[in-house]
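The values are calculated or read from the model by the stated rules, or taken from the named source; none is laboratory data. Here the structure is a predicted model, which is why all the values come from computation and not from measurement. All Cβ positions, even for glycine, are placed from backbone atoms using ideal geometry, and neighbour counts span all protein chains on display.
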């Protein structure tokens, strides 16, 4: 019986020793992933790289947006130039029409004066060819 009693605690020791060693290995593995003060340079490098990557992405997005806006501005400038040209052409056309209108107004006024003179002369001298017959009553129209 003594062998039995002595062998049982040894097995427990071996089992507990194995479990302790196993636990120590697990703790050692976990601690190996923990950063220390010596790793601060490593952390700084990782942070710098991350910030640089973010900066590059942001800068790329900003540059793309600026290019889009520049193309929009270019298109708007081109449209404005076309509208200015159309406006200048319309202004020339308006000036031509104004000049033509003034010329027609003067011609109309001259014709009106000539017509008035003709009507006046016709009315004034038309009585010359009329006959007056005495004793016949005139109509009172």
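Observations on the model:
- Test for residue 107: is it loosely packed, with under 10 Cβ neighbours inside 10 Å and on the phi < 0 side of the Ramachandran plot: no
- Comparison of 117, 95, 86 shows that the only residue that is in a helix (DSSP H, G or I), more than 18 Å from the chain's Cα centre (by Cα) and modelled with pLDDT under 95 is 117.
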